[in-house]
Amino acid sequence: MMLCKTLEKQDLAQFAKICGDRFIAEEKFDGDRCRLTLKNDELTLRNRPAKRNNMEGADITFRYPELHDFKFPTDVMLDGEMCVMIDGTAQFNEGISHRTHLKDEQKIRDALTKYPVTYVVFDVLEVDGEDFRVKPWTERRAWLEKHKKTLELSKTINITTIYTDILGIFDEIIKRKGEGIIIKDIQALYVENKRANCWKKVKDVRETDMWFDSYEINNVGIKLSNKDDIKVQVSGAQSDEVKDILDSKGKVYCSINHLGDITANGKFRMPTFKKLVVD
């Protein structure tokens, strides 16, 4: 799968100023990246490969029965994000995380009503065996626009919206607690298995300082936790320093990065360790 490079949100205004009309923006949906393939009327869903040398990823077709009735006049391969939408915004902790690891058939059926999915399509890779990856984004997008109504006849499929006001849509998405945006070069080809500059992700990363009072050792360092059950991984040499402070003082004050506001169940979205804070 083609992947994005990161553009920090504090650099977005300058990028928007100099990029002209070569880049557009799409909403970054907080879901489970996967490909939909329809071949000889047989549907297959595959998620993002765990290893870069694996081009296909795991078969997750069984996990999403909502998509099993998808029909299209030709063979096709689409790229998109499997999402659970809550009040118009894709949610991970309160949404798709309750679907992504299910294997039991009964649990999958039970989740259909509580956590219904929408497959948000943002690219087309193959049509009737023709490789669309070698076409510029403008041509791939034109194909999606041409077939939008047919694709969206399946109520579980939506096509992304394109925005030219990059700063405006970023602000709008953040106000409704979305994850951020993807900025795409409209002339770019689709490059497999590469993190490319022609796709840039901009997330609403925020910094918070907090106390942690316990840890668990793992094979890459330690996982910190606190009384609010906030957990964050500390890896490498930093983990030794943090562990020593906890062992001697019983608590440690750290900065963490996270996405947006605290979730409905009191958690931070995608917390990551940033640094120790001198108390």
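The values are calculated or read from the model by the stated rules, or taken from the named source; none is laboratory data. No experiment lies behind these values; they were computed from the predicted model shown. Glycine gets a Cβ as well: all are built from the backbone with ideal geometry, and neighbour counts include every protein chain shown.
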TODO: State all residues of region 222-279 that are aliphatic (A, V, I, L, M), in a loop (DSSP other than H, G, I, E, B), at pLDDT below 85 and under 26 Å from the mean Cα position of the chain (by Cα); if no residue qualifies, say none.
DONE: Ile262, Ala264
TODO: Report whether or not Ile183 is surrounded by 15 or more Cβ atoms within 10 Å (Cβ to Cβ), hydrophobic (A, V, I, L, M, F, W, C) and at pLDDT 95 or above.
DONE: yes
TODO: Mind counting the residues in region 167-197 that are without any contact (Cβ under 8 Å) to a residue 24 or more places away in the chain and either within 15 Å of Phe122 (Cα to Cα) or of a type in the set (Lys, Arg) (or both)?
DONE: 1
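The rows are residues; the columns are (1) more than 28 Å from Cys198 (Cα to Cα); (2) surrounded by 15 or more Cβ atoms within 10 Å (Cβ to Cβ); (3) of a type in the set (S, T, N, Q); (4) assigned by TED's automatic domain parsing to the domain that holds Leu153.
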| position | (1), (2), (3), (4) |
| --- | --- |
| Asp11 | no, no, no, yes |
| Lys17 | no, no, no, yes |
| Leu43 | yes, yes, no, yes |
| Val84 | no, yes, no, yes |
| Gln91 | no, yes, yes, yes |
| Asp110 | yes, no, no, yes |
Open item on the list: I'd like to know if region 153-161 contains one or more residues that are under 25 Å from Asp79 (Cα atoms), surrounded by fewer than 16 Cβ atoms within 10 Å (Cβ to Cβ) and modelled with pLDDT of 95 or more.
Closed with: yes
